[in-house]
Amino acid sequence: MNPNLSELRRKAMALPLRPGVYLMKNKEGTIIYIGKAKMLKNRVSQYFGSPKNHDAKVRQMVEHVDRFDYILTDSEFEALVLECSLIKQYTPKYNILLKDDKGYSYIRISPPPYARITEAKTKADDGAEYIGPFMSSWVVKQTVDEVVKAFRLPTCGRRFPQDIGKERPCLNASIHLCCAPCRKGAVSEAEYAEIIQEVRAFLKGGGNESIRVLTKKMEEAAEALEFERAARLRDRIAAIRRIGERQTVVASRAEALDVHAVVQGTGMAVFAVQRFAEHRLYDQEVYPMGEIGALPQARADFIQQFYLNRDRIPPQILLDGEIEDSELLEKWLSEKAGRAVHFMIPQRGDLMQMVRMCAQNAAEQLAQRTGTTGHTAAALNELSRLLGLREPPHYIESYDISNTGGDQNVAGMVVFENGRPLKSAYRKFQIRSVQGQDDYGSMREVIVRRFTEYEKLKDTHEGFGRMPDLILLDGGKGHVAAIRPVLQQMGYDVPVFGMVKDDRHRTRAIAQDGGEIAIRSNRSAFTLVSAIQEEVHRFAIGYHRQRRSSETLNSKLTRIPTVGEKRAAALMKHFKTMRALSEATEEELLLVPGINRPSAEAICQYFRESKENAKNG
């Protein structure tokens, strides 16, 4: 803990209740964080209060603060403008800082024979042809990927013509994604050169011109009865048309807008921005980050940095969630752009689909860096947005109660970590304090027992010693209303929601205290919640059936002379199944704790008679 914390807090409490900018400095006097405030005293003093109220990033920053300075302004807006200017000047370590990605990119066509199409950051004097420059590296990468697929160009590491015929063609050739120059006689050097010439024409002249030229060649080939060549040209034309169709899919109704989305993982986040102009997506920028803290503040910091050095600011900016100081930022962007700029958080329709597409791209980038799947990251991000959580729930616990008319009352707890079942953390509960069918009372008992165990094991950070990010109950708002007060009374602030089923026992909505949240239109979140609900129901009812079966077997065994409930339970624990028990010898039975010779003889006699009765009957 920072040894200067009390002194820093004393100085912060002496600050005026006025707008301004504060500058946090370390022991060397280096500015490590710059922020703005509507009331300096309130904002700055928060940093030096209890560390439990801060996220990991803020706690780390506070640890390095030795002193702070401040500058008073006449308004909060002036504070925002000054903050932007100072961040640009000092680039503090703990502010969100974006690298300038305005470098040019090129499409590189390597020298013949058998040229390759790749992306390049710089031009080199290597005999290759460079098309460009292009401002967007994303556009170059997308174009190269599409061209390689459309014209079936090789992407392997083989060298041609040296490696022709040396090895079998790879999978891409088998699924018609490569023209397979490695196969002897598949495509000649002249034919490959013609393909590269068509690629060159496509890159320089566009899809329509390429289609016109290729259509003419296809017709000429057909007239000359070169049907295989005509078929290859036909397929190439179809592939180029598909490129155009995919570009149309990402068209926008608005002439110009930007779409922002952020996806969080464990210790990492990724911001994505998709930029539209003339009704089409023309660029995508992706920024991996470390810990970013609360999403509304992180979005505000990112947008401030993103547009700080940019002249092109669209009239509409779509966001995937709430943003701090939205009115201030709109005013700042409007003055910077010279016209009105507005934020929008779409809830439905095409605009929401655009935000979802941007979030999916951010999720894919996060997945590549963390080893998860893009689908899982997107689902957790979407779920956190729906439920209003500060960050995606990476450790989810779910509970369900199972009984038959109040008999054999049990509960099951399943855990999903990073969107996947963590079966080592599953737990079973026998309900002790509730008699009869009382799901609310049973659920209360389970939650109390679970968090009582947390108090004992919290230093281990494993099993019950780990605090969940989210609790999902298999039930409606009544279950939620029964559990939230229990957690509050125990001093825990864990988000609790219910999972509501329809008449066909399929997930329909998420329940909260005041009603329900529809989730079926949010496909990723819906799929995840449905999987959790099905899993916890399966686990709880499986345990209930196991208990009922065990009770039935125990009741059969207690019919045997000298065998009571304790001996019956010990026998089933040792032999696992009734069949194994029925085939056991007296000597094997004597190995069970509590079983003596008379009991072993009685058990063997019982099963011998049962087998004879079954045979004669």
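The values are calculated or read from the model by the stated rules, or taken from the named source; none is laboratory data. Values in this document were obtained by computation on a predicted structure and should not be read as measured data. Here Cβ is always computed from backbone atoms with ideal geometry, including for glycine, and neighbour counts include all displayed protein chains.
Just one of the listed residues (E364, E324) is modelled with pLDDT under 90 and touching a helix residue (DSSP H, G or I) at 6+ places or on another chain (Cβ under 8 Å), namely E364. Each residue in the range 511-539 was checked for being at pLDDT below 90 and either in contact with a Phe, Trp or Tyr (Cβ under 8 Å, 6 or more places away or on another chain) or among the aliphatic types (A, V, I, L, M) (or both), and 7 of them qualify. Residues in the range 1-48 that are closer than 12 Å to M61 by Cβ and either assigned to a loop (DSSP other than H, G, I, E, B) or among the charged types (D, E, K, R) (or both): N2, K25, N26, F48. Which of the residues that make up the range 1-12 are over 23 Å from D74 (Cβ atoms) and not basic (K, R)? Selection gives M1, N2, P3, N4, L5, S6, E7, L8.
The number of residues in the range 420-470 being of a type in the set (K, R), part of a loop (DSSP other than H, G, I, E, B) and in contact (Cβ under 8 Å) with a residue 24 or more places away in the chain comes to 1.
Among the residues making up the range 565-593, those that are surrounded by 13 or more Cβ atoms within 10 Å (Cβ to Cβ) and not in a helix (DSSP H, G or I) are A584, L590, V592. Would you confirm whether any residue within the range 594-608 is hydrophobic (A, V, I, L, M, F, W, C) and either assigned to a loop (DSSP other than H, G, I, E, B) or in contact with a strand residue (DSSP E or B) (Cβ under 6 Å, 6 or more places away or on another chain) (or both)? Yes: the range 594-608 contains one or more residues that are hydrophobic (A, V, I, L, M, F, W, C) and either assigned to a loop (DSSP other than H, G, I, E, B) or in contact with a strand residue (DSSP E or B) (Cβ under 6 Å, 6 or more places away or on another chain) (or both).
Condition check ((1) surrounded by fewer than 20 Cβ atoms within 10 Å (Cβ to Cβ); (2) under 26 Å from A269 (Cα atoms)) across all residues:
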position: K27; (1), (2): yes, no
position: I34; (1), (2): no, yes
position: S50; (1), (2): yes, yes
position: H54; (1), (2): yes, yes
position: H64; (1), (2): yes, yes
position: R67; (1), (2): yes, no
position: L97; (1), (2): yes, yes
position: I107; (1), (2): no, no
position: S110; (1), (2): yes, no
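The listed residues are T562, T552, and the only one of them that is part of a loop (DSSP other than H, G, I, E, B), more than 21 Å from P393 (Cβ to Cβ), hydroxyl-bearing (S, T, Y) and modelled with pLDDT under 90 turns out to be T562. No other residue among V273, V262, V286 is within 15 Å of the chain's Cα centre (by Cα), among the β-branched types (V, I, T) and either assigned to a strand (DSSP E or B) or at pLDDT 85 or above (or both) apart from V262. Among the conditions (1) in contact (Cβ under 8 Å) with a residue 60 or more places away in the chain; (2) of a type outside the set (V, I, T); (3) closer than 21 Å to A378 by Cα, the only one that Y399 does not satisfy is (3).
If the condition is being farther than 19 Å from E445 by Cα, in contact with a helix residue (DSSP H, G or I) (Cβ under 8 Å, 6 or more places away or on another chain) and either surrounded by fewer than 15 Cβ atoms within 10 Å (Cβ to Cβ) or among the hydrophobic types (A, V, I, L, M, F, W, C) (or both), then the range 410-423 contributes F416, R420. Condition check for G321 on (1) outside any loop (DSSP other than H, G, I, E, B); (2) under 17 Å from the mean Cα position of the chain (by Cα): one failure, at (1). How many of the residues in the range 136-153 are free of Cβ contacts under 8 Å to residues at least 40 places away in the same chain and small (G, A, S)? Selection size over the range 136-153: 1. Candidates L17, L82, L23, L72: the one that is closer than 25 Å to L333 by Cβ and exposed (fewer than 15 other Cβ atoms within 10 Å of the Cβ) is L72. Of L380, L389, all but one fail to be closer than 24 Å to F526 by Cβ and assigned to a loop (DSSP other than H, G, I, E, B); the exception is L389. Considering (1) of a type outside the set (V, I, T); (2) modelled with pLDDT of 85 or more; (3) out of contact with any strand residue (DSSP E or B) (no Cβ under 8 Å at 6 or more places or on another chain), the lone condition that D235 does not fulfil carries the number (2).
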